[in-house]
């Protein structure tokens, strides 16, 4: 009987928008409703996790961890951006933290000083970025800091606007543009090192 009620609940809410569903989950703490959200986005979250860890089992574990934490963090969704954008940011941040936790010292060794970083602010337009060979671009993505990778993937793979990134990252639009410019410079530099 409980399973039948759960199916009725899921069918009732399956036509809700993400934002309506989140509001109802936050209000009721209903795990059955959360399963609707899980069904909508588990594959997307899994694919993002897999792009970070390159291992099926590890990506599945990360996906489960993300959704467990997401259930607890749903009340912090403030609706300033679309839920999909917020979830992507949540997933990226979780994966970045996961990846950098074990390689923190390696990242410190690869980091550059502020003076060196400012010298990297060469002009790079989006067209130049799209002209890079995909296989070398993937290698270069693995060589840059996870924060830069996250930003570039959100902007160019997931087509998140500057305005949306500003809301998700809680920084000004000009700061987002500067971070994108620096991330593009870093990936071009790594790409050229591969050639």
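Quick one: which residue in 34, 16 is at pLDDT below 90, surrounded by 15 or more Cβ atoms within 10 Å (Cβ to Cβ), closer than 21 Å to residue 81 by Cβ and out of contact with any strand residue (DSSP E or B) (no Cβ under 8 Å at 6 or more places or on another chain)? Exactly one residue qualifies, and that residue is 16. Scanning segment 76-87 for residues that are outside any loop (DSSP other than H, G, I, E, B) and surrounded by 12 or more Cβ atoms within 10 Å (Cβ to Cβ) returns 83, 84, 85, 86, 87. On the given criteria, is residue 68 at pLDDT 90 or above and either in the same structural domain as residue 157 (by TED's automatic domain parsing) or closer than 28 Å to residue 163 by Cβ (or both)? Spelling it out, it is not the case that residue 68 is at pLDDT 90 or above and either in the same structural domain as residue 157 (by TED's automatic domain parsing) or closer than 28 Å to residue 163 by Cβ (or both). Restricting segment 7-60 to residues that are at negative phi and in a loop (DSSP other than H, G, I, E, B) leaves a set whose member that is nearest to the chain's Cα centre (by Cα) is 55. Of all residues in segment 143-182, those that are more than 16 Å from residue 86 (Cα to Cα) and either in contact with a strand residue (DSSP E or B) (Cβ under 8 Å, 6 or more places away or on another chain) or not in a helix (DSSP H, G or I) (or both) total 3.
The values are calculated or read from the model by the stated rules, or taken from the named source; none is laboratory data. Not measured: the values here are computed from a predicted model. Every residue, glycine among them, receives a Cβ derived from its backbone with ideal geometry; neighbour counts consider all protein chains shown.
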